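Everything below concerns the one structure shown next.
The values are calculated or read from the model by the stated rules, or taken from the named source; none is laboratory data. Just so you know, these numbers come straight off a predicted model, no measurement behind them. All Cβ positions, even for glycine, are placed from backbone atoms using ideal geometry, and neighbour counts span all protein chains on display.
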Amino acid sequence: MIEEMLRLGMLIDLTHCTPKARRQAYEICGTRRPHMFSHVGVQPLADDPMSPTEDEIRHIASTGGVIAVIFMNSWLGEHQSKDGLDAIVATIGAISDTGGIDSVAIGSDFDGFTDPPDDLKDISQMPRLTNALLRAGFGDAEIEKILGLNMERVLRDGWR
């Protein structure tokens, strides 16, 4: 199935794949196409087998792919409150530190099936994320990549 997806020019989203399925996809795809996670947290911040490991972050980066951060506390790590903006920024930082700024994107999952953090409930509150990224030391060009340019590049390069 993966070979056919690659032949058709499809991107493979690894978000709902088990670790075993991801390893198999990495073996089959190699670096022929960017790999992506469309909406996840990352290990060790979110100790869940569905979250990519640091080695996987490096692999995704080596393919020119992205890991898009979900806006859902249960996927971002342990929290005592319903707020999650700090956890989103920490996850973005962890991906950037491990895979580089080109490997991180936004995958909010603002679709009504998730429970977003109280301090970033919907698209109207996205300026809060931009301001938090600025406070965390990300520059304007880096934020542009995080908020859209990286995902645009992966979609363009992956759908060939």
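Name the single residue, out of those in region 19-53 being among the charged types (D, E, K, R) and closer than 19 Å to Val89 by Cα, that is modelled with the lowest pLDDT.
The qualifying residue modelled with the lowest pLDDT is Asp47.
State all residues of region 53-73 that are touching a residue at least 24 places away in the same chain (Cβ under 8 Å) and not β-branched (Val, Ile, Thr); if no residue qualifies, say none.
Within region 53-73, Glu54, Glu56, Arg58, His59, Ala61, Ser62, Gly64, Gly65, Ala68, Phe71, Met72, Asn73 qualify.
With respect to Phe71, is the statement that it is in contact with an Asp or Glu (Cβ under 9 Å, 6 or more places away or on another chain), aromatic (Phe, Trp, Tyr) and buried (at least 20 other Cβ atoms within 10 Å of the Cβ) true?
Yes, satisfied.
Can you find, within region 116-145, the residue that is nearest to Met5 (Cα to Cα) among those that are surrounded by 14 or more Cβ atoms within 10 Å (Cβ to Cβ) and among the acidic types (Asp, Glu)?
Checked region 116-145; the qualifying residue nearest to Met5 (Cα to Cα) is Glu142.
Picking from His16, His79, which residue would you name as being under 27 Å from Asp122 (Cα atoms), modelled with pLDDT under 90 and more than 12 Å from the chain's Cα centre (by Cα)?
His79
Going by the conditions given, is Pro34 crowded, with 19+ Cβ neighbours inside 10 Å and more than 24 Å from Ser74 (Cβ to Cβ)?
Criteria met by Pro34.
For region 60-76, which positions are at pLDDT 95 or above and part of a helix (DSSP H, G or I)?
Ile60, Ala61, Ser62
May I ask you to say which residue of Gly112, Gly148, Gly158 is under 24 Å from Glu54 (Cα atoms) and loosely packed, with under 14 Cβ neighbours inside 10 Å?
It is Gly148.
Can you tell me which of (1) assigned to a helix (DSSP H, G or I); (2) in contact with a Ser or Thr (Cβ under 8 Å, 6 or more places away or on another chain); (3) modelled with pLDDT of 95 or more; (4) more than 17 Å from Leu155 (Cα to Cα) is the one Glu56 doesn't meet?
Condition not satisfied by Glu56: (2).
Identify all residues within region 95-123 that are out of contact with any Leu (no Cβ under 7 Å at 6 or more places or on another chain) and at pLDDT 95 or above; write none if there are none.
The answer is Ile95, Ser96, Asp97, Thr98, Gly99, Gly100, Ile101, Asp102, Ser103, Val104, Ala105.
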